[in-house]
Amino acid sequence: MPELQRLRADHAPAVLAFELANRAYFAASIPDRGDEYFDRFAERHDALLAEQEAGVCVFHLLVAEDGSVLGRFNLYDLENGAAVLGYRVAEQAAGRGLATTAVQQLCRTAPALHGLHTLRAATSHDNAASRQVLTKAGFVPDGPAAPADLGGRPGTWYRRDLRP
């Protein structure tokens, strides 16, 4: 059974393998990270850990029993009890309900672990799978997302009020 784990330094090789294996798949629905992301991956991973240590963000991985990464589920811009949720799931794991389950788990644990009462997430109009995950996880539309919010694509912001 896959497990949601908080990002650690020793996750770096598995995260890089996940990003490389799914690069083309992700680029079909969200902006590509670019070559520099991969060239400077170790620095970027360290920077994420520093942000997490500072309490600005919390990064999670959905890890398979063999240690491979099936998805990333991140809480950004933690401030005043609110955060922005972002996620991506490996092509091999898509369509199995894993993203919905992981998002629901974060919604259940975020109030106690991170003091959150509201989560927001944006998805482009052409990303039906992401819209479905958010809807199944109890998010409701909360207004338009500008193309600048979604790498040049128009979309919708979703919101979920959390109950401890």
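Of all residues in region 18-46, which are under 14 Å from LEU7 (Cα atoms), open to solvent by 40 Å² or more (accessible area, probe 1.4 Å) and not acidic (Asp, Glu)? So that I can check it myself, show each step before the final result.
First, the residues of region 18-46 that are under 14 Å from LEU7 (Cα atoms): 18, 42, 44-46.
From the residues that got through so far, the ones that are open to solvent by 40 Å² or more (accessible area, probe 1.4 Å) too are 42, 44, 46.
Within region 18-46, ALA42, ARG44 meet the criteria.
Please enumerate the residues belonging to region 143-164 that are open to solvent by less than 80 Å² (accessible area, probe 1.4 Å) and free of Cβ contacts under 8 Å to residues at least 24 places away in the same chain.
GLY143, ALA145, ALA146, PRO147
Please give the number of the condition VAL56 fails out of (1) open to solvent by 30 Å² or more (accessible area, probe 1.4 Å); (2) within 18 Å of LEU119 (Cβ to Cβ); (3) of a type in the set (A, V, I, L, M); (4) at pLDDT 95 or above.
(4)
Which residue is nearest to LEU85 (Cα to Cα), if the candidates are limited to region 143-164 and must be assigned to a loop (DSSP other than H, G, I, E, B) and hydrophobic (A, V, I, L, M, F, W, C)? So that I can check it myself, show each step before the final result.
Filtering region 143-164 for residues assigned to a loop (DSSP other than H, G, I, E, B) gives 146, 151-154, 162-164.
Pick out the ones that are also hydrophobic (A, V, I, L, M, F, W, C) and you get 146, 162.
Details: ALA146: 16, LEU162: 13 Å.
Here the residue is LEU162.
Which one is nearest to GLY55 (Cα to Cα) among residues in region 67-113 that are assigned to a helix (DSSP H, G or I) and within 11 Å of the chain's Cα centre (by Cα)? Even if it seems obvious, please write down each step before you answer.
Here is the first cut: in region 67-113, the ones assigned to a helix (DSSP H, G or I) are 91-93, 98-113.
Within this subset, residues satisfying the condition of being within 11 Å of the chain's Cα centre (by Cα) are 99, 102-103, 106.
On the way: ALA99: 24, ALA102: 21, VAL103: 20, LEU106: 16 Å.
Within region 67-113, the match that is nearest to GLY55 (Cα to Cα) is LEU106.
Do the conditions hold for ASP161, that is, is it of a type in the set (Asp, Glu) and in contact with a Lys or Arg (Cβ under 6 Å, 6 or more places away or on another chain)? Let's see the steps before the verdict.
On the way: of a type in the set (Asp, Glu): yes; in contact with a Lys or Arg (Cβ under 6 Å, 6 or more places away or on another chain): no.
The answer is no for ASP161.
Tell me whether region 36-46 contains one or more residues that are under 24 Å from ALA121 (Cβ atoms) and in contact (Cβ under 8 Å) with a residue 24 or more places away in the chain. Let's see the steps before the verdict.
Keep residues of region 36-46 that are under 24 Å from ALA121 (Cβ atoms), which gives 37, 44-45.
Pick out the ones that are also in contact (Cβ under 8 Å) with a residue 24 or more places away in the chain and you get 45.
Yes, the conditions are met somewhere in region 36-46.
Which residues, taken from region 118-142, are in a strand (DSSP E or B), modelled with pLDDT of 95 or more and open to solvent by less than 60 Å² (accessible area, probe 1.4 Å)? Can you show your working first?
The initial filter retains those residues of region 118-142 that are in a strand (DSSP E or B), namely 118-124, 140-142.
Next cut, modelled with pLDDT of 95 or more only: 118-122, 140-142.
Scanning region 118-142 gives THR118, LEU119, ALA121, ALA122.
Just a yes or no: is a residue in region 78-89 buried (at least 19 other Cβ atoms within 10 Å of the Cβ) and touching an Asp or Glu at 6+ places or on another chain (Cβ under 7 Å)?
Looking through region 78-89, at least one residue is buried (at least 19 other Cβ atoms within 10 Å of the Cβ) and touching an Asp or Glu at 6+ places or on another chain (Cβ under 7 Å).
The values are calculated or read from the model by the stated rules, or taken from the named source; none is laboratory data. If you're wondering where the values come from, they're calculated on a predicted model, not measured in any experiment. FYI the Cβ positions are ideal-geometry reconstructions off the backbone, even for glycines, and counts take in every protein chain you see. Only protein heavy atoms, including side chains, enter the accessible area calculation; ligands, DNA and RNA are left aside. Shrake-Rupley method; radii C 1.70, N 1.55, O 1.52, S 1.80 Å.
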